[in-house]
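> Sharing a structure with you now.
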Amino acid sequence: MDATAASDEARETLQTFMSARVDNVLVYDTDGSKLGSLYSVQIDRPSGRVEYAVLSFGGFLGLGQSFHPVPFRALSVNEKRGGYTVNIGKQMLQGGPSYRPDTAPSWDASYARRISDYYGGMG
């Protein structure tokens with residue numbers, strides 16, 4: 001492995017995200033309809049900033065549940081409802097990166113880039 005490849009590999013490792021679990025925080029669309037809940041947030045290690053929110057949609061007792069990571073800046077506090085509003089259309093959310101509880105991705109710089117690319121550089 002050459003020095004550039006080793007440097008790139010180290011950078012990818014350093015950018016790995018940490019997850020913080022969040023419970024019972026509801027997420028609404030811009031019309032005020034409940035979409036789901038905030039499941040976790042992904043924190044960038046070097047900066048300590050929350051970069052991504054993982055939204056949980058559907059399911060009952062874990063069956064049929066899906067997770068949709070979005071750039072955290074796409075959320076705004078909804079004080080009236082005590083949760084967040086996601087400023088992304090429902091169709092865009094449904095077509096975006098997602099996973100089921102049994103197929104969680106490896107949160108690395110490549111996966112973060114995939115999310116950011118899909119949402120047009122929001123992340």
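The values are calculated or read from the model by the stated rules, or taken from the named source; none is laboratory data. What you see is a predicted model; the values in this text were computed from it and never measured. Ideal geometry is used to build each Cβ from the backbone, glycine not excepted, and the neighbour counts take in all protein chains shown. For accessibility, only protein heavy atoms count, side chains too; no ligands or nucleic acids. Shrake-Rupley method; radii C 1.70, N 1.55, O 1.52, S 1.80 Å.
> Pairs please, first residue from segment 101-113 and under 16 Å from Phe72 (Cα atoms), second anywhere and surrounded by 11 or more Cβ atoms within 10 Å (Cβ to Cβ) and among the β-branched types (Val, Ile, Thr), Cβ atoms under 7 Å, 6+ apart in sequence or on different chains.
From residues that are under 16 Å from Phe72 (Cα atoms), the pairs are Trp107/Thr16.
Rundown of residues vs (1) modelled with pLDDT under 90; (2) closer than 15 Å to Ile115 by Cα; (3) more than 11 Å from the chain's Cα centre (by Cα), yes/no style:
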residue: Gln65; (1), (2), (3): yes, no, yes
residue: His68; (1), (2), (3): no, yes, no
residue: Pro71; (1), (2), (3): no, yes, no
residue: Lys80; (1), (2), (3): no, no, yes
residue: Gln91; (1), (2), (3): yes, no, yes
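> Conditions: (1) surrounded by 19 or more Cβ atoms within 10 Å (Cβ to Cβ); (2) over 19 Å from Asn24 (Cα atoms); (3) not charged (D, E, K, R). Val86 meets all but one. Number of the miss?
Just one mismatch for Val86, condition (2).
This table checks each residue for (1) modelled with pLDDT under 75; (2) assigned to a strand (DSSP E or B).
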| position | (1), (2) |
| --- | --- |
| Thr4 | yes, no |
| Arg11 | yes, no |
| Met18 | yes, yes |
| Arg21 | yes, yes |
| Thr30 | no, no |
| Gly36 | no, yes |
| Gln42 | no, yes |
| Glu51 | no, yes |
| Ser56 | no, yes |
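> Listed residues Gly96, Gly123; which is open to solvent by less than 50 Å² (accessible area, probe 1.4 Å), within 11 Å of the chain's Cα centre (by Cα), modelled with pLDDT under 85 and not hydrophobic (A, V, I, L, M, F, W, C)?
Gly123
> Ala112 is checked against (1) surrounded by 15 or more Cβ atoms within 10 Å (Cβ to Cβ); (2) over 11 Å from the mean Cα position of the chain (by Cα) and fails just one. What number does that condition carry?
(2)
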